[in-house]
């Protein structure tokens, strides 16, 4: 069989631990037998990021900008334990944070529904799309630990040399400090991306922050969202029969739990990190969710929405074939290939991506699944398989 051709390459960003292992298996079993795969490869494994002082991460972001499409495996964000485990030179930044910052994009995460996996939240009948801001806040913070008493200040020196100074806290003893920021231009892009996506999907857009406590920081998010809505989207939303709604983040959480779904929930960066995992888990598994980073310039990065599955990797290293769910990794590839096909005008590549997704979901709906889904399946799973067996079953069906 002649392989399906690609006109242009996509940026391929490899990752860490169990997801790195399965990334290679997916390419070998599900992609390379059918597609003449064209990628520009970047190794974003933790050790290589440390060895290159994150140059490889910035290079991969530049490649996504140039090629317009990227696909990313899950990666480790280092902490003290990882620094010791991998013998790192330094604590490296979040690679996702760097890429999101470079692309100035918004992350959209959507649960993958299958008929025999019921949501833990019984009121949810339709997918909730989570739009996560992808710049700033704690992901581009400045932190320090202080050893004793002193004055902590927030200082801004303008371009003309004028200084604004505010006291954060008179420290009575040892403690910790953190500075975060965001940019109006990035918040504006975030608002436009979310409202454009809601309009395209014809679903309501909800946004929540905590402006009652963070009156300046979160208040600025609230004001910009409202201004963008009023000046650019209000008439379009009304014509489409959808609405924009702002309330406090804790109120949004309460409302979402009682909704039937079918809406776009816009979240600040950290809120989106947490709430997307909650939605994915409630819908079955963290591995049953798509994640797409969309930049205002029309660049797209498709990734797994979950982590590197550390515990499974240690079991794999000990010789066990784990039952790690590879669906999000598969859908990262299908999303990237479908977007490449759309941009290049290659319908056979788009059709392949669609068939691979259908084959994957059909296997689950036939009752063959990994252990995370088997606990939730109704009717009960016919067969619980390890990751390699699942991928082989999808390949056979494909």
Practice problem: Would you be able to say whether some residue in the stretch 230-243 is closer than 16 Å to residue 133 by Cα and touching a helix residue (DSSP H, G or I) at 6+ places or on another chain (Cβ under 6 Å)? | Solution: no
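Kindly indicate which of 16, 51 is under 22 Å from residue 307 (Cα atoms) and in contact with a helix residue (DSSP H, G or I) (Cβ under 8 Å, 6 or more places away or on another chain).
Only one candidate passes the filter, namely 16.
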Quiz item: Taking into account only those residues within the stretch 205-225 that are in contact (Cβ under 8 Å) with a residue 12 or more places away in the chain and over 12 Å from residue 266 (Cβ atoms), which is surrounded by the fewest Cβ atoms within 10 Å (Cβ to Cβ)?
Solution: 212
Exercise. Would you mind telling me which numbered condition in (1) over 30 Å from residue 296 (Cα atoms); (2) in a strand (DSSP E or B) residue 178 fails?
Key: (1)
Self-check item: Residue match in the stretch 367-382 (condition: part of a helix (DSSP H, G or I), under 30 Å from residue 38 (Cβ atoms) and in contact with a helix residue (DSSP H, G or I) (Cβ under 9 Å, 6 or more places away or on another chain))
Solution: no
Self-check item: Single residue of the stretch 65-86 satisfying the filter (in a loop (DSSP other than H, G, I, E, B) and free of Cβ contacts under 8 Å to residues at least 40 places away in the same chain) that is surrounded by the most Cβ atoms within 10 Å (Cβ to Cβ)
Solution: 78
Quiz item: residue 278: farther than 17 Å from residue 205 by Cβ, in contact with a helix residue (DSSP H, G or I) (Cβ under 9 Å, 6 or more places away or on another chain), surrounded by fewer than 21 Cβ atoms within 10 Å (Cβ to Cβ) and at pLDDT below 95, yes or no?
Solution: yes
Self-check item: Per-region count, the stretch 87-102, residues at pLDDT 90 or above and assigned to a helix (DSSP H, G or I)
Solution: 5
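This table checks each residue for (1) in contact with a helix residue (DSSP H, G or I) (Cβ under 9 Å, 6 or more places away or on another chain); (2) modelled with pLDDT of 95 or more; (3) surrounded by fewer than 22 Cβ atoms within 10 Å (Cβ to Cβ).
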| residue | (1), (2), (3) |
| --- | --- |
| 312 | yes, yes, yes |
| 321 | yes, no, yes |
| 326 | yes, yes, no |
| 340 | yes, yes, no |
| 346 | yes, yes, yes |
| 351 | yes, yes, yes |
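Quick grid of which residues meet (1) buried (at least 19 other Cβ atoms within 10 Å of the Cβ); (2) within 24 Å of residue 6 (Cα to Cα); (3) not assigned by TED's automatic domain parsing to the domain that holds residue 101:
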residue	(1), (2), (3)
18	yes, no, no
30	yes, yes, no
33	no, yes, no
37	no, yes, no
41	no, yes, no
44	yes, yes, no
49	yes, no, no
54	no, no, no
63	yes, yes, no
Practice problem: Please work out which residue is surrounded by the fewest Cβ atoms within 10 Å (Cβ to Cβ), limiting yourself to the stretch 371-393 and to residues that are at pLDDT below 95 and closer than 17 Å to residue 19 by Cα. | Solution: 371
Quiz item: Among the listed residues 272, 284, which satisfies the condition of being under 21 Å from residue 116 (Cα atoms), touching a residue at least 12 places away in the same chain (Cβ under 8 Å) and surrounded by 21 or more Cβ atoms within 10 Å (Cβ to Cβ)?
Solution: 284
Quiz item: Among the residues of the stretch 301-310, which ones are surrounded by fewer than 24 Cβ atoms within 10 Å (Cβ to Cβ), closer than 23 Å to residue 39 by Cβ and out of contact with any strand residue (DSSP E or B) (no Cβ under 9 Å at 6 or more places or on another chain)?
Solution: 307, 308
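The values are calculated or read from the model by the stated rules, or taken from the named source; none is laboratory data. None of these values were measured; they are calculated from a predicted model. Methodologically, a virtual Cβ is constructed for each residue, glycine included, from the backbone with ideal geometry; neighbour enumeration extends over all protein chains shown.
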